[in-house]
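Participant: Structure provided below as structure tokens; questions to follow.
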Amino acid sequence: MIAGTSCEGAPRLEILADAGALARRAATLVINHTPARADSIYVFPTGKTPLGLYRELVATHRRVGFGFGGVRFFALDEYAGIARDDPRRLGRWLWQVLLEPMGVPRAHVVGFDPGAPDPDLACARVDARIAARGGIDLLVLGLGENGHLGFNEPGTRFDAPSRLVELTPETRATNAAYWDDRVDVPATAYTLGPRTLLAARRVLLLVSGKRKAAILDRTLNGPIDLAVPATMLRLHPGLTVLADTDATPPPPEPRALGQNDS
Ligand code: PGA
């Protein structure tokens, strides 16, 4: 199924019945892709949307021994200004739900240092390390309700490098749901930038739930615009969007021919 009307090339859109079907389809795509480049770089997100995918991957690992071999996992983003052992670390989250259960060696995981003394230098090093390995091979993303990708918030230039950013109030509010109510969401964070993300070979955008329907519609059918960072993905030739029916409003009814239509 193809959606999107821009001349930049329509992304491949697959609509799945529900979140479970989306997770299974995403797992199939990740597993089928994996033998292709054993020493390549993968970037996977945290958030609620990918949790079903991660459960499927871990179950497949336990059932038939599927593993990531020599794949290197680079962090998509990370809160800044927190301790390395802070329970809010996004790198720790991904480690716990996916990487450790999959048997990925710690040496294959590269995160942002949340307390890096020189953030610009630290981010430039991450971009350089990814570029030196030929770029991201497989990039999996969730879609923020404000259209952000990673922590590339509205207004981000599409050629921005990886960097330290300020989180918007909306992102801090939605991220608060990940944690205990008493826990503050940091005001700043590191994120891979569009320059590195758009150079990925294959991109999988996962979108689930009614709360994402409006932003998915803008992402696929609105103007390509810095105000909705996810629209930058329409510039990418290797984009697949997996969305469940809740996130994809039904197409408008065909207009009935009336007396004035001759
Ligand atoms: P979610 O987050 O998967 O928890 O909805 C997506 C995002 O904000 O990038």
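Participant: Using unit Cβ charges (K, R positive; D, E negative) and no other charged atoms, how large, in debye to the nearest 20, is the dipole of the chain about its Cα centre? Please report the intermediate quantities before stating the final value.
Facilitator: Numbers: 30 positive and 29 negative charges, 164 e Å.
Dipole size: approximately 780 debye.
Participant: What is the projected area of the convex hull of the Cα atoms of segment 1-152, averaged over all directions, in nm²? Each step should come with its number before you reach the end.
Facilitator: Numbers: hull surface 42.4 nm².
Average of the hull's projected areas for segment 1-152 equals 10.6 nm².
Participant: Would you mind calculating the gained length between Asp217 and Val64 on full extension (0.36 nm times residue separation, minus the Cα-Cα distance), in nm to one decimal? Mind dumping the intermediate values first?
Facilitator: Values: separation 153, 0.36 × 153 = 55.08 nm, distance 3.75 nm.
Contour length minus the Cα-Cα distance gives 51.3 nm.
Participant: Then there's this: Which percent of Cα-Cα pairs in the chain sits in each 5 Å bin, short to long?
Facilitator: 1, 6, 13, 18, 19, 18, 13, 6, 2, 1, 1, 1, 1, 0, 0
Participant: Listing Met102, Met232 from the residue with the fewest other Cβ atoms within 10 Å to the one with the most, what is the order? Provide the component values of the computation, followed by the final result.
Facilitator: Working: Met102 18, Met232 23.
By the 10 Å Cβ count, ascending: Met102, Met232.
Participant: Quick one: putting +1 on the C-beta of Lys and Arg, -1 on the C-beta of Asp and Glu, what dipole do you get for segment 115-236 around its Cα centre, in Debye to the nearest 20? Write out the running numbers ahead of the final one.
Facilitator: On the way: 15 positive and 14 negative charges, 101 e Å.
Dipole magnitude for segment 115-236 comes out near 480 debye.
Participant: Most exposed first by the Cβ proxy, i.e. fewest other Cβ within 10 Å, how do Ser208, Ser162 rank?
Facilitator: Values: Ser208 26, Ser162 30.
Fewest-to-most Cβ neighbours within 10 Å comes out as Ser208, Ser162.
Participant: Can you tell me which of Ala187, Ala107, Ala80 moves the most in a GNM of the chain? Springs connect C-alpha atoms under 10 Å apart.
Facilitator: Its mean-square fluctuation being the largest, the pick is Ala107.
Participant: Continuing with this model, one more query. Could you list Lys212, Lys48 in order of exposure, starting from the residue whose Cβ has the fewest other Cβ atoms within 10 Å? Could the numbers behind the result be given before it?
Facilitator: Details: Lys212 22, Lys48 13.
By the 10 Å Cβ count, ascending, the order reads Lys48, Lys212.
Participant: Also, I was wondering about something else. Tabulate in residue order the Karplus-calculated ³J(HN,Hα) for segment 162-177, using 6.51 cos²θ - 1.76 cosθ + 1.60 with θ = phi - 60°, rounded to whole Hz; enter x for Gly and Pro.
Facilitator: Once rounded to whole Hz, the list reads 5, 5, 7, 10, 8, 7, 6, x, 5, 5, 5, 5, 5, 5, 4, 5.
Participant: Charges on Cβ only, +1 for Lys and Arg, -1 for Asp and Glu, centred on the Cα centroid of segment 9-71; of His33, Gly69, Leu13, which one is farthest towards the dipole's positive end?
Facilitator: Gly69
None of the figures in this text is laboratory data; all of them are computed from the coordinates on show. If you're wondering where the values come from, they're calculated on a predicted model, not measured in any experiment. Using ideal geometry, Cβ is built from the backbone for each residue, glycine included, and neighbour counts are taken over all protein chains shown.
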